[in-house]
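Single-structure report; data block below.
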Amino acid sequence: MTAGEPAAAGSARASSTSTVEDALAVLPAPRTESPAGFEREWRWLLAAIGRTASIDLVCHISPDGDALGSALAAGIALRGLGHEVRVSFGDDPQVIPESLSFLPGQELIVPASAVPDAPELVICFDVASEGRLGLLHAKAFAAKALMVIDHHASNPGFGRHTIIDPSAPATAVLVDELLRRLRVPLDQAIATCLYTGIATDTGSFKYAATTPATHELAGRLLATGIRHDLISRQLWDTSSFGFLKVLAAALDRAVYEPQAVGGRGLVWTWVPYQDLVLFGVTIEEIEGLIDILRRPAEAEVALVLKQEPDGTLRGSCRSKGAVDVAAACAALGGGGHVYAAGFSLREPVPAAVARFRSALG
Ligand code: MN
């Protein structure tokens, strides 16, 4: 599905990222211009690429459309320039979400174990923190040269060389810049990857980070003849039948509490692990459930609790802006952004909801 919540510091949620996080990462300064600056870093990167035969491209663990699309677009381009290219991410096993199974260039993907122990050049894409390198952390830092290309405002700037542009609505936008500097023309394979990255991180061009420049790039990508209609259907409008059944049960279980959150209203539901087993759905596939639960105009805050196999409840919440859910989640050991946050609790559902309610104040 489409979105989860921002990494929740200090909890099991720390490995998660989302389109919503990416959208929020660029607030409050939406991109209005083409990529600015970073000249020295771009020149360093082009020189490093120029002298390196074998290049490792790394995206974050549990990759989303922007992470994988960015790495694969760069991989296809660098392969075309004659480099030996590996694309990898630090999960074992590596799982490519079904919604991204159409991405071209996947023959470049190798397990983390196949990345050299001391790579010549590692370029990281959409990796907001060291932790999201997963199993590739040591190898990335053992690289002779390491470049971090990202757009998360929260990125602390790990690695000696960084191009971190929080005004970019997606890392894929920065990859477009890389390709222009490498003088690699857009083809349909590259455009499919970049379009997937941009569509993912802008919520299909809906989020505030979307600018005229975003649409201009989308226009150039569509001009290659890609089937953006099929990409969008795959990204946004495709699920298993099992997902519908899990969704139906979760919506049937939803509770509206008008008095909660100081009278602003709370809508919440939960998904028992047995539902996921019964309908053959993974916990990742229901990340987008919160986007449905947050729709009611009556409620300021929405909460979904997803039960993991060991009983831990993974909470995803959203506010419409009047309430800081990040603070509430931080009080529960999680974290995130004002509008979108998460936490993990090992408690029964009523106790977890009660703690969340009182954390909201
Ligand atoms: Mn991103």
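Is it the case, given these coordinates, that Leu178 is within 16 Å of the ligand (Cβ to nearest atom), more than 21 Å from Ala53 (Cα to Cα) and assigned to a helix (DSSP H, G or I)?
No; evaluated as a whole, the condition is false for this residue.
Does Val175 fit the bill of being of a type in the set (A, V, I, L, M, F, W, C), touching a helix residue (DSSP H, G or I) at 6+ places or on another chain (Cβ under 7 Å), crowded, with 21+ Cβ neighbours inside 10 Å and in the same structural domain as Gly105 (by TED's automatic domain parsing)?
Here the answer is yes, as Val175 does meet what is asked.
Of the residues Ser88, Ser99, Ser129, which single one is within 30 Å of Glu285 (Cα to Cα), modelled with pLDDT of 95 or more and of a type in the set (S, T, N, Q)?
Of the residues listed, the single one that is within 30 Å of Glu285 (Cα to Cα), modelled with pLDDT of 95 or more and of a type in the set (S, T, N, Q) is Ser88.
For the stretch 308-361: of the residues being without any contact (Cβ under 8 Å) to a residue 24 or more places away in the chain and touching a Phe, Trp or Tyr at 6+ places or on another chain (Cβ under 7 Å), which is surrounded by the fewest Cβ atoms within 10 Å (Cβ to Cβ)?
Gly321
Does Leu81 meet the test of being in contact (Cβ under 8 Å) with a residue 40 or more places away in the chain and not small (Gly, Ala, Ser)?
The answer is yes for Leu81.
Please list, ordered by residue number, the strands (runs of 3 or more DSSP E) wholly in the stretch 73-164 having 2 or more residues that are within 16 Å of the ligand (Cβ to nearest atom).
121-125, 145-150, 161-164
If you take the residues in the stretch 49-68 that are closer than 19 Å to Thr162 by Cα and assigned to a helix (DSSP H, G or I), which one is nearest to the ligand (Cβ to nearest atom)?
Asp66
Only one residue in Glu308, Glu300, Glu285 is more than 22 Å from the chain's Cα centre (by Cα) and of a type in the set (Asp, Glu). Which one?
None of the others qualify; the one that does is Glu300.
When you scan the stretch 106-125, do you find a residue that is among the polar types (S, T, N, Q) and in contact (Cβ under 8 Å) with a residue 40 or more places away in the chain, even just one?
So far as the stretch 106-125 goes, no, none of its residues is among the polar types (S, T, N, Q) and in contact (Cβ under 8 Å) with a residue 40 or more places away in the chain.
In the set Ala143, Ala170, Ala138, which member is of a type in the set (Gly, Ala, Ser) and closer than 15 Å to Leu68 by Cα?
Ala170
Assigned to a helix (DSSP H, G or I), assigned by TED's automatic domain parsing to the domain that holds Ala170 and modelled with pLDDT under 95: is that true of Thr192 in this structure?
Answer is no for this residue.
Can you go through Gly333, Gly311, Gly315 and tell me which one is assigned to a strand (DSSP E or B) and farther than 20 Å from Gly262 by Cα?
Residue meeting the stated conditions: Gly315.
The values are calculated or read from the model by the stated rules, or taken from the named source; none is laboratory data. Here the structure is a predicted model, which means the values were calculated and not measured. When we count neighbours, we look across all protein chains shown, and the Cβ atoms used for this are built from the backbone with ideal geometry, even at glycine.
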